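Just so it is clear, none of the values below were taken in a lab; they were calculated from the coordinates. None of these values were measured; they are calculated from a predicted model. Note that we place each Cβ from the backbone using ideal geometry, even for glycine, and neighbour counts take in every protein chain shown.
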Amino acid sequence: MKPKIIIVDDDTLVCELYSEYFAQNGFDVFTAFSVREAIKIIRAKDPDIILSDVVMPKEDGFDLYEKVQMFNPDLPFVFITGYEHDERVAKRLKEIGKKWIAKPVILEELVELIKLEMKK
């Protein structure tokens, strides 16, 4: 059975690119463009890992993380951000202690990080 990943990003192009790449690397892929949509998919599809952008309109990746913690605290979670030097983002990433990767992403490295996180 293929591992299931959900990619959450408000940028449709990013979702398409990551989705295609992960599908080529043996994953079943689901995408969501908002926290609300992601929660519905996570509850319905029970993914093995979440890959989420940090900065999104309305609710952000941190909001998604907190909501998922309420019903599935053991679900692996990896953040992607182009704002790792933003003080608020950097502080929050450090507080949460989850893995994150900076944009622009090298897809090969991202797949390896995801595989490592799923083994924990």
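Quick one: what are the phi-derived ³J(HN,Hα) couplings along the range 86-100, Karplus 6.51/-1.76/1.60 with θ = phi - 60°, whole Hz, x for glycine and proline?
My calculation for the range 86-100 gives 5, 4, 5, 5, 4, 5, 5, 4, 5, 4, 5, x, 8, 5, 8 Hz in order.
Return the loop-located chymotrypsin sites (Phe, Trp or Tyr not before Pro) in the range 76-120 (DSSP other than H, G, I, E, B) with at most 16 other Cβ atoms within 10 Å of their own Cβ; answer none if there are none.
Those that pass, being in a loop and sparsely packed, are Tyr83.
Report the Rg/Rh value for the chain, based on alpha-carbon coordinates and the Kirkwood definition of Rh.
0.92
May I ask you to work out the translational diffusion coefficient for the range 1-62 at 37 °C, viscosity 0.692 mPa s, via Stokes-Einstein with Rh from the Kirkwood sum over Cα pairs, reported in whole µm²/s?
For the chosen part, D equals 285 µm²/s.
Calculate for the chain the 222 nm mean residue ellipticity that helices alone would give, adding -39,500 (n - 2.57) per DSSP H run of length 4 or more and normalising by residue count, nearest 500 deg cm²/dmol. If you can, show how the numbers build up before the last one.
Numbers: 5 runs with 58 residues, N = 120.
The helix contribution divided over the chain gives -15000 deg cm²/dmol.
Over what distance in Å are the Cα centres of the range 94-120 and the range 1-62 separated?
14 Å
Amide H to amide H, which residues 5 or more places from Ile80 or on other chains are under 5 Å from it, using H placed in the peptide plane?
Long-range HN contacts for Ile80: Ser52, Asp53, Val54, Ile101.
Can you give the local net charge around Glu109? Use residues other than it whose beta-carbon is closer than 13 angstrom to its beta-carbon, Lys and Arg +1, Asp and Glu -1. Can you show the working numbers first?
Numbers: positive: Lys99, Lys103, Lys115; negative: Glu108, Glu112, Glu117.
Every neighbour counted, the sum reads 0.
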